[in-house]
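One structure is given here, and the rest of the page talks about it.
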Amino acid sequence: MIGYLRGEILESSEGKMLVGIGDSAGSGVVGYSVCVPQSHRYESELPGRTIELFVHTHVREEAFDLYGFNSQMEKSLFLTLLSVNGIGPKSALGILSAVESSQLVDAIVKGDQALLSSISGIGKKTAERLVLELRDKVKKKLDSGALKGLASSSKDTAGGRLKGDYDANTSDMLRDAKSALVGLGYREMDVQLLLTQVVENSEIPFKKPEDLIRSALKRLVQ
């Protein structure tokens, strides 16, 4: 099984990388096609650059797929998602493409089903299952250091509330605002991260989705 690759990016597009391993001047180069999260961290890696990926090899009767991540922690989180009944490699990769790893860890630990169910392809029942089956596992991984650095412990100075621990009204606004911005053509993962930052950095709580959308659009056009 392939567990690690380090080589030159030959091609990169839409969640796939072709990574060349070997010496073109010597024994030649072998190209490995690897599925990666569709996030800015991976899309900013351009052909010609050297990259290292921690790989999960998924073997099926009709396919041999590689899933790559730029850290052991992200790979560990991916494997943790695979332990949930009904979550396969493509679904797990989609989740990691939709939200930052730290946001996902926080949502699972805090039981934020509203955020989880806002991810494309994750319904209410799957969100409940993610929290139910993974909360204790993720906490143990955090305690052991396997996911060190992926969870925020900072507190809101006004009320001692953990960041990302939203009430039902705020969660509903985030979901509505996200849907509207994605409908305008913005990428789901970028919108999710931006809206979270707007809410957490605002000194005055938002009362309507329209206000949240306006604030987010101001940042997008800056």
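No lab work stands behind these numbers, since they all come straight from the coordinates. If you're wondering where the values come from, they're calculated on a predicted model, not measured in any experiment. So basically every Cβ, Gly included, is an ideal-geometry build from the backbone, and we count neighbours across all protein chains shown.
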From the Cα gyration tensor of the range 2-156, with a ≥ b ≥ c the square roots of its eigenvalues, which class applies: rounded if a/c is under 1.5, or else prolate if a/b is larger than b/c, or else oblate? prolate
Measure up Lys124/Lys208; Lys124/Lys178; Lys75/Lys218 against 25 Å on the Cα-Cα distance and list the ones that go over. Lys75/Lys218
Would you work out the charge dipole size for the chain about its Cα centre, treating the Cβ of every Lys and Arg as +1 and the Cβ of every Asp and Glu as -1, and quote it to the nearest 20 debye? 500 debye
Running a GNM on the chain with Cα contacts under 10 Å, which residue among Ile119, Ile204, Ile51 ends up with the highest mean-square fluctuation? Ile204
For the chain: relative contact order, % (alpha-carbon pairs under 8 angstrom, 6 or more apart): 14 percent
Show that you can apply the helix-only estimate: for the chain, add -39,500 (n - 2.57) for every DSSP H stretch of four or more residues, divide by all residues, and state [θ] at 222 nm to the nearest 500. -14000 deg cm²/dmol
What FRET efficiency comes out for Arg214 versus Ser102 if R0 is 25 angstrom and r is the Cβ-Cβ distance? Round to the nearest 0.05. 0.40
Report the full-extension gain for the segment Asp176 to Thr57: residue separation times 0.36 nm, less the Cα-Cα distance, to one decimal in nm. 39.2 nm
Quick check: Cα centre of the range 189-203 to Cα centre of the range 56-111, how many Å? 23 Å
Estimated vicinal HN-Hα couplings, Hz - the range 66-72 in sequence order (Karplus 6.51, -1.76, 1.60; Gly, Pro = x): 10, 10, x, 9, 8, 8, 5
Counting only DSSP beta bridges with both residues in the chain, what percent are antiparallel, rounded to the nearest 5? 95 percent
